[in-house]
Amino acid sequence: MANRTVKEAKNVHGTNPQYLIEKIIRSRIYDSKYWKEQCFALTAELLVDKAMELRFVGGVYGGNIKPTQFLCLTLKMLQIQPEKDIVVEFIKNEEFKYVRALGAFYLRLTGAALDCYKYLEPLYIDNRKLRRQNRAGQFEIVYMDEYIDELLRNDRVCDIILPRIQKRSILEENNEIEPKVSVLDEDLDDELPSDEEKADEANRTKDNSTSVRRPRRARSKSRSRSRERDRRSGQGNNARSRDYYDELEDYDRQRNRVRNRDTQNEDYDRRQTGSGRQDRDRERQDRDKIRERDRNGDRDRRERERERDRGRHDQRERDSRGERDRRRY
């Protein structure tokens, strides 16, 4: 009887409100000591006092899946289904941060998409720290705005699968909700340059571009002059160019001689290395033969010793049999 949903409760997302929590976790909550002692016969007014005593948020922990007090109070709220005004007051409570976290979690479980965005997005400006207990039973620090962002974006928070809600962009396209206005927009507007500053920067870039183009014209003139000088001096340099080509031919001949010499040396080195390799191969083969010989000798020695041992064993057996026969007669 104590675990049943109140008769006046309405279905949430087409099902019993308590069924929003998985059956395994729900049964663990029913068996917990905190549920039996502290959550029995709680009303909406008494639930506020229990929420004010919370010191951390979390789902289940430990190997045997123990529920936290935060999760027990969430299931109690699903069971008694408090009015929407009470849940909104939970969320607007600025003095007790864990009461606000409990109300936000309950609204995300039971509320529509419009209500979630309407009442939870203003909590992004709350930067207070929250203690959260993980599955290993250890505590970690999480901020309130980060916790709210997880409620609106993640599929699972505090080990509970959250119902799906429509994306904000779809609601904005249908004109069901106003576009999101970030608190940081004012700071960005202050940092952005005005139209007058943009015009001044454009004028400065134009002046710089004109000042850079002038020396290029002077360079082009100097290049044309140098080309004309080369044309004029080209007729007198024909004799010099012939001598230059003769020197190039001599240089090519000498380089070819050096290359032929190098190739001959390389051939000689290859032959020498080839003979060295043959010698190494012979030595390796000789070593292998010696090893094989030693192995065969060891094998023969072992076989001889085994035959000798067998003969001794047979002799002993014969002696023992003769001794037995003598004693018998």
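Counting only heavy atoms of the protein chains, get the accessible area per residue of segment 3-114 (1.4 Å probe) and round it to a whole Å² value. Could the numbers behind the result be given before it?
Values: 5660 Å² over 112 residues.
Each residue of segment 3-114 exposes 51 Å² on average to a 1.4 Å probe.
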I'd like the per residue volume of the convex hull spanned by the Cα atoms of segment 1-106, given in cubic angstrom. 100 Å³
Evaluate the distance, in nm, between pseudo-label points positioned 7 Å from the Cα of Ile86 and of Asp300 along their respective Cα→Cβ axes. 10.5 nm
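Going from most exposed to least, what order do Ser32, Ser182 have by accessible area with a 1.4 Å probe?
Numbers: Ser32 20, Ser182 50 Å².
The residues order as Ser182, Ser32, largest area first.
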Take the solvent-accessible surface of the protein heavy atoms, probe 1.4 Å, and return the percent of it on segment 1-145 that carbon and sulfur atoms account for. 50 percent
So, with points 7 Å from each Cα along the Cβ direction, the Asn203-Arg327 label distance in nm works out to 13.3 nm
Grab the Cα-Cα distance for Asn11 and Leu114, subtract it from 0.36 nm times how many residues apart they are, and report the gain in nm with one decimal. 35.2 nm
Using θ = phi - 60° and the Karplus relation 6.51 cos²θ - 1.76 cosθ + 1.60, list the HN-Hα couplings for segment 297-308 in order, rounded to whole Hz, with x at every Gly or Pro. x, 5, 5, 4, 4, 5, 5, 4, 4, 4, 4, 4
When the Cα centres of segment 43-116 and segment 149-176 are compared, how far apart do they sit, in Å? 18 Å
Distance in nm between label sites at Tyr268 and Asp309, each 7 Å beyond Cα in the beta-carbon direction? 6.3 nm
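The values are calculated or read from the model by the stated rules, or taken from the named source; none is laboratory data. Bear in mind that the values here come from a model prediction, so they are computed numbers and not experimental data. Glycine also receives a Cβ, built like all others from the backbone with ideal geometry; neighbour counts cover every protein chain displayed. Only protein heavy atoms, including side chains, enter the accessible area calculation; ligands, DNA and RNA are left aside. Shrake-Rupley method; radii C 1.70, N 1.55, O 1.52, S 1.80 Å.
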